[in-house]
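Peer 1: Let me begin by handing over the structure; questions about it come next.
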Amino acid sequence: MERISFVAVVDLHLHTSHSDGSLTPSDLVNVCFEKGLQIIAISDHDTTEGIREAQKVAEPLGIEIVPSVELGTRLGESEIHVLGYFINPDDVVFQEMLENYREAREVRAKNIVLQLNATGVPLLWEKVSDLAGFGSIGRPHIAHALIELGYAKDIQEAFQRYLGLGTQGYVPRDLNTPQQAVRVIEENGGIAVIAHPLFTNTKLDRHDIPDLDDLIESLCDEGLKGLEVFYGDYTDGQIKRLLEICRKFQLVPCGGSDYHAIGAQNEVLPGDVGPPMEHFAELKRLSNVV
Ligand code: AMP
Ligand code: ZN
Ligand code: FE
Ligand code: FE
């Protein structure tokens, strides 16, 4: 039988407090070091601000940081996330685009708070803004504020009752298409990879991307290079299916924990899952980074 589970030394999907993760880049790198990881991607939503700090802490520990970013996109009804690996954070045009995305996130978060206030939830914008700090604000910050107020017992319940699609606080985000995201990552010199393409138990708003093969075919034309396979709590069956898709379209199988340090009982931890080193080596070859 084909071996599809490995001891992870590579984790290509991690969030810090610069977006909706709870740990600072330094603390996250230290956790990864304790877990025995050798290569980690700092892949915050719409920001690269955590990368430099992570690199500083990682260097003496012998950990390689892959400069990364995660962009949200929409295609029809589905939200599709695209990861950019080996991106150049010094690209001014790219940074202007990320700043615009972060501003749009802030406008949307304020609208969510207003909408919740209108339905009787006394949530203060200042509280949410404090929790987000200076980083890229997201619904998990609002979820934490709702938990503190006693309106939800955990992040799942906050999404289920107040923040997810079809709830009283749901506000859609203006998003690019996945094609546009792959293009901007390519133009930056990064490597574009589709994130979490299938349903996962640990995040309720995740579904199988419909017509995945067709989407991949169209994204390959834009320069797509990989697909997340060894992801979160994906089952062996899901991993097998995704490996077959990678073979069909010659994509590099990637993956990681998508760790946010939210403290949930079922949270997948850094090092629990990740691609084998050979796939990472392939990804790095494509990037032309030495
Ligand atoms: P946003 O980027 O503001 O649209 O928020 C979406 C983020 O919230 C996703 O990237 C997930 O990491 C997280 N998320 C969504 N649903 C859940 C959930 N049910 N439990 C925990 N985290 C979630
Ligand atoms: Zn996140
Ligand atoms: Fe994501
Ligand atoms: Fe993520």
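The values are calculated or read from the model by the stated rules, or taken from the named source; none is laboratory data. Everything numeric in this text was worked out from a predicted model, so none of it was measured. The protein model used for the area step is the full one, side chains on, heavy atoms only, and it has no ligands, DNA or RNA in it. Shrake-Rupley method; radii C 1.70, N 1.55, O 1.52, S 1.80 Å.
Peer 1: What are the ³J(HN,Hα) couplings of region 143-155, residue after residue, when phi is run through the Karplus curve with 6.51, -1.76, 1.60 and θ = phi - 60°? Round to Hz, x for glycine and proline.
Peer 2: Each residue of region 143-155 in turn: 4, 4, 5, 5, 5, 4, 6, x, 8, 8, 8, 8, 5 Hz.
Peer 1: Pull out the extension gain between residue 264 and residue 171, defined as 0.36 nm times the separation in residues minus the alpha carbon to alpha carbon distance; nm, one decimal.
Peer 2: This chain segment gains 31.0 nm when fully extended.
Peer 1: Before I look further, what does region 75-225 give for accessible area per residue, probe 1.4 Å, in whole square angstrom?
Peer 2: Values: 7290 Å² over 151 residues.
On a per-residue basis, 48 Å².
Peer 1: Expressed as cubic angstrom per residue, what is the convex hull volume of the alpha carbon set of the chain?
Peer 2: That works out to 122 Å³ per residue.
Peer 1: Antiparallel as a % of all DSSP beta bridges within the chain, to the nearest 5?
Peer 2: So the antiparallel bridges amount to about 40 percent of the total.
Peer 1: Using Cα springs under 10 Å in a Gaussian network model of the chain, which residue among 211, 154, 11 shows the largest mean-square fluctuation?
Peer 2: Of the options given, 211 has the highest mean-square fluctuation.
Peer 1: Another question about this same structure. Note the full-extension length gain between residue 235 and residue 289 as 0.36 nm times their separation in residues minus their Cα-Cα distance, in nm to one decimal. Write down the numbers at each step before the final one.
Peer 2: Details: separation 54, 0.36 × 54 = 19.44 nm, distance 3.21 nm.
My answer for the length gained is 16.2 nm.
Peer 1: State the percentage of accessible surface on region 218-290 attributable to carbon and sulfur atoms; use a 1.4 Å probe and exclude ligands, DNA and RNA.
Peer 2: 48
Peer 1: Sorted by accessible area (1.4 Å probe), largest first, how do 130, 258, 174 line up? Numbers along the way, then the final one.
Peer 2: On the way: 130 120, 258 5, 174 150 Å².
Sorted by accessible area, descending: 174, 130, 258.
Peer 1: A further question on this structure: To the nearest 10 degrees, how steeply does helix 25-34 sit against the main Cα axis of the chain, on a 0 to 90 scale?
Peer 2: On a 0 to 90 degree scale, this one is about 50.
Peer 1: Would you look at the GNM of the chain, springs on alpha carbons closer than 10 Å, and say which of 92, 29, 229 moves the most?
Peer 2: Per the Cα network of the chain with a 10 Å cutoff, 92 tops the list.
Peer 1: Which residue fluctuates the most in the chain, going by a Gaussian network model with Cα springs under 10 Å, if the choices are 150, 169, 256?
Peer 2: Sorting by GNM fluctuation, first place goes to 150.
Peer 1: While we're here: Would you please report the Å³ per residue occupied by the convex hull of the alpha carbon atoms in region 9-114?
Peer 2: Taking only Cα atoms, region 9-114 has a hull volume of 111 Å³ per residue.
Peer 1: I'd like the accessible area for residue 249, computed on protein heavy atoms only with a 1.4 Å probe and all protein chains in place. Round to 10 Å², please.
Peer 2: Counting only protein heavy atoms, residue 249 exposes about 40 Å² to solvent.
Peer 1: How big is the convex hull of the Cα atoms of region 143-198, per residue, in Å³?
Peer 2: 129
Peer 1: Got a sec? What order do 254, 220 fall in by accessible area at 1.4 Å, biggest, i.e. largest, first?
Peer 2: Highest to lowest solvent-accessible surface, that is 220, 254.
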